[in-house]
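The values are calculated or read from the model by the stated rules, or taken from the named source; none is laboratory data. All values derive from a computational prediction rather than experimental measurement. Methodologically, a virtual Cβ is constructed for each residue, glycine included, from the backbone with ideal geometry; neighbour enumeration extends over all protein chains shown. Areas reflect the complete protein model, heavy atoms only, side chains present, ligands, DNA and RNA absent. Shrake-Rupley method; radii C 1.70, N 1.55, O 1.52, S 1.80 Å.
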Amino acid sequence: MPQENTSLQTIALPLSDEDQARADFYALIARLMLAPPNAGLLKALADADPVHADGLAEAGQALEDAWLKLSQAASVMDAAAVADEFSALFISTGNPLLNPYGSFYVAGHLNDVPLAELRQDLGRLGIARARGVGEFEDHLGALCETMRVLISGAPGIARQPLEEQQHLFTAHIQPWYAACLLDIAAAEPANFYRVVAAFVGAFLGVEALAFAMWQPADSTIAA
């Protein structure tokens, strides 16, 4: 048996409370965008504590309000009705009503240049689509799951610094997520997912603001 390496250089420190919360939000968004919530998840959302986004001014207040509305909506929704709504929005034997993919919103076509560029970045990080997964990597839910992995790590994939998180977000999520969420909210079958879209938009808006304000520790301001 190989000897366990306990060098300080190889021991990852625990996530900060802030990064754990970010990872949890990304995981929840991925879950809601990739599949309808079951009864257990709806109950967990209904019973969830309020979110406190201190120090983020209007963006933080928007997230707090959107989270409260999501919790309230989850408390009155039936899982079967949400599953039917999800199918009406995102699933079809032909062309679904909505296509929450980066390529669709950036290039106008599925499986286009934006997906190829994303795959190059993911390959550099050692990340690839798992076997059996039907959605392309530029699906909004898949991208949020990727952000979770960058923040918290995964088996065989190390946690990534803020520079990598910022790059993936600004290059592959920020250019199109708002338009996608507006389409979800405006879709005629949307009920619960109108509330989901508002929550996702509020959280990603906080992330966009935080990344815009963040500066690498070794950055300098030109004179």
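At-a-glance table
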read-out: Qualifying helices (runs of 4 or more DSSP H) (wholly inside segment 73-126; at least 2 residues being touching a Leu at 6+ places or on another chain (Cβ under 6 Å), at pLDDT 95 or above and closer than 24 Å to ILE173 by Cβ); value: 79-90, 102-107
read-out: Residue identified as over 30 Å from PRO14 (Cα atoms) and of a type in the set (Asp, Glu) among ASP138, ASP121, ASP112; value: ASP112
read-out: Wholly enclosed helices (runs of 4 or more DSSP H) of segment 131-223 bearing at least 3 residues more than 12 Å from the chain's Cα centre (by Cα); value: 162-172, 177-186, 192-213
read-out: Search result, residues across segment 111-131 that are polar (S, T, N, Q) and in contact (Cβ under 8 Å) with a residue 12 or more places away in the chain; value: ASN111
read-out: Failed item in (1) farther than 15 Å from ALA208 by Cα; (2) open to solvent by 40 Å² or more (accessible area, probe 1.4 Å), with HIS139 passing the rest; value: (2)
read-out: Qualifying position, being in contact (Cβ under 8 Å) with a residue 40 or more places away in the chain and either buried (at least 19 other Cβ atoms within 10 Å of the Cβ) or within 24 Å of ALA198 (Cα to Cα) (or both), among ARG148, ARG159; value: ARG148
read-out: Qualifying residue in segment 109-117 (condition: within 19 Å of LEU28 (Cβ to Cβ) and not aromatic (Phe, Trp, Tyr)); value: no
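For every residue, the table says whether it meets (1) surrounded by fewer than 19 Cβ atoms within 10 Å (Cβ to Cβ); (2) within 30 Å of ALA48 (Cβ to Cβ); (3) in contact (Cβ under 8 Å) with a residue 12 or more places away in the chain.
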residue: ALA62; (1), (2), (3): no, yes, yes
residue: ALA66; (1), (2), (3): no, yes, yes
residue: ALA73; (1), (2), (3): no, yes, yes
residue: ALA79; (1), (2), (3): yes, yes, yes
residue: GLU85; (1), (2), (3): no, yes, yes
residue: ASN95; (1), (2), (3): yes, no, no
residue: GLY102; (1), (2), (3): no, yes, yes
residue: VAL106; (1), (2), (3): yes, no, yes
residue: HIS109; (1), (2), (3): yes, no, no
